[in-house]
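Each reported figure results from applying straightforward, stated rules to the coordinates on display, with no laboratory input. Because the structure is a prediction, the values reported are computed rather than measured. So basically every Cβ, Gly included, is an ideal-geometry build from the backbone, and we count neighbours across all protein chains shown.
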Amino acid sequence: MENLVINEIPDSPFYPSVNFNAETGICEVVGESYMEETFKFYTPLLDWLKNYTYNNTNPVTFNFKLTYFNTSSSRLILDILDVLREHKEKGSDVEVNWYFDEQDPDMEDEVEDFMIESGLEINMVKF
Amino acid sequence: MESDHSDQKTILAYHGPIDMDVLSFFGKMIKRIFIHGDQSLSTRIYKIYIELVQNISYYSAEMISLNGHKIGAGAFEIVDTGNFYQVRTKNLVYRADGHKLLKNCSEINTLNAKELRMLKRMKRRELVQIDTGAHIGLIHVGLLAKNKLDYTVEEMNNDYSLFNISINIKK
């Protein structure tokens, strides 16, 4: 299976960079997320994750390093977390880390809400 | 919205079409303007700005053609009122949407933070592909600012209303 890599676009800071590694199972989404067509951007990410986790118990470490995401993006982030939870429920090793600036206390509430909604434990890591 | 504007200082203002380039350009400006101040406050203003102004882009009934694309148009301001920073937006909406906005904003203002978070979680699960989440965006704005939404919907004619919204963010 191929890696999924989307590089940061300097003129389009509303797209995060994406790096999903099929060998290590380490997946990262970095930057800001407030593009217009959220479903169009996130669908390939979801498809990749579903393929990667299909019918196996491959370990996944998912690192969110998003400094901002709009409410449309948050719906798709929840979809990602749902895929990860389902994978974990199969007995797979799944770790989700959310990196956030300690100058952004609102992000803690957001991540708590994601945990409540997805039923998945998320490690909050201050940077 | 009625207020005495005499002690207010406009930090940023724009009126026109709002595409992603405009949105991100002014977003960067906001980060630069507030770079030396309280970073938590600056981040909050930035987030509220994006949510409110992106709603203009998506939902304004005034659409302008730009390079073959239809783009929502409206106005926004960020104002220093002394005790608060205020983010204000204004745009045309269809009358039916104006009624929905009145209902949604009114509901948001009746809820406390815990209730708003519950409502946001519930609404988020209901979001589908065609819906970009204006209602949730306003809930999120209320949560971030920890203040009530100040809003009006003025009926302009049989088809359109003017939607004004502002939110105070305590310094």
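Any idea what the dipole of chain A comes to, in debye rounded to 20, about its Cα centre with Lys/Arg Cβ at +1 and Asp/Glu Cβ at -1?
The calculated dipole for chain A is roughly 500 debye.
Per-residue HN-Hα couplings for region B:36-48, Karplus 6.51 cos²θ - 1.76 cosθ + 1.60 at θ = phi - 60°, whole Hz, x for Gly and Pro?
For region B:36-48, the Karplus curve yields 8, x, 5, 5, 5, 5, 4, 5, 5, 4, 4, 5, 5 Hz.
Could you give me the ³J(HN,Hα) list for region B:160-171, computed from phi with Karplus coefficients 6.51, -1.76, 1.60 and θ = phi - 60°, whole Hz, x at Gly and Pro?
Residue by residue, region B:160-171 yields 10, 10, 9, 9, 10, 9, 9, 9, 8, 10, 5, 6 Hz.
How large is the charge dipole for region B:1-118, taken about the Cα centre, if only the Cβ atoms of Lys, Arg (+1) and Asp, Glu (-1) carry charge, to the nearest 20 debye?
With Lys and Arg at +1 and Asp and Glu at -1, about 320 debye.
Over 25 Å between Cα atoms, which of A:K50/B:K28; A:K65/A:K88; A:K40/B:K103 qualify?
Exceeds cut-off: A:K50/B:K28; A:K40/B:K103.
Using only DSSP helix segments of four residues or longer, with each worth -39500 (n - 2.57), what per-residue ellipticity at 222 nm results for the protein assembly as shown after dividing by its residue count and rounding to 500?
Only helices count here, giving -14000 deg cm²/dmol.
What translational diffusion coefficient, to the nearest whole µm²/s, does region A:1-90 have by Stokes-Einstein, given a Kirkwood radius computed over alpha-carbon pairs, a temperature of 37 °C and 0.692 mPa s viscosity?
Stokes-Einstein gives a translational diffusion coefficient of 247 µm²/s.
Expressed as a rounded percentage, what relative contact order does chain A have, with Cα pairs under 8 Å and six or more residues apart?
With pairs under 8 Å counted, the relative contact order is 21 percent.
Please list the non-local residues whose amide H lies under 5 Å from the amide H of A:L66, H modeled 1.01 Å from N, same-chain partners needing a gap of 5 or more.
A:G31, A:Y99
Quick check: pseudo-label points 7 Å beyond the Cα along Cα→Cβ at B:S40 and A:D106, how many nm apart are they?
1.3
Rg/Rh for the protein assembly as shown to two decimals, with Rh computed the Kirkwood way over all alpha-carbon pairs.
Result for the protein assembly as shown is an Rg/Rh of 0.98.
To make sure I understand the rule: partners must be aspartates and glutamates, Cα under 13 Å from the Cα of B:K120, and not fewer than 8 residues away in the same chain. Which ones qualify?
A:D109, A:E110, A:E112, A:D113, A:E117, B:E107
Determine ³J(HN,Hα), in whole Hz, for all residues of region B:57-72 in sequence, where each value follows from phi through the Karplus function 6.51 cos²θ - 1.76 cosθ + 1.60 and θ = phi - 60°; x replaces Gly and Pro.
For region B:57-72, the Karplus curve yields 4, 7, 10, 4, 7, 9, 10, 10, 7, 9, 6, x, 10, 8, 10, x Hz.
In the protein assembly as shown, what percentage of the DSSP-assigned beta bridges are antiparallel, given to the nearest 5?
Bridges in the protein assembly as shown are about 70 percent antiparallel.
Quick query: amide H of B:Y160 versus all other amide H atoms, modeled in the peptide plane; which residues come in under 5 Å with a sequence gap of 5 or more or a different chain?
Amide H neighbours of B:Y160: B:R95.
How large is the dipole of region B:52-107 about the Cα centre if only Lys and Arg carry +1 and Asp and Glu carry -1, each at its Cβ, rounded to the nearest 20 debye?
That gives region B:52-107 a dipole magnitude of about 200 debye.
So for region B:47-99, considering every pair of alpha-carbon atoms, how many percent are separated by more than 17 Å?
44
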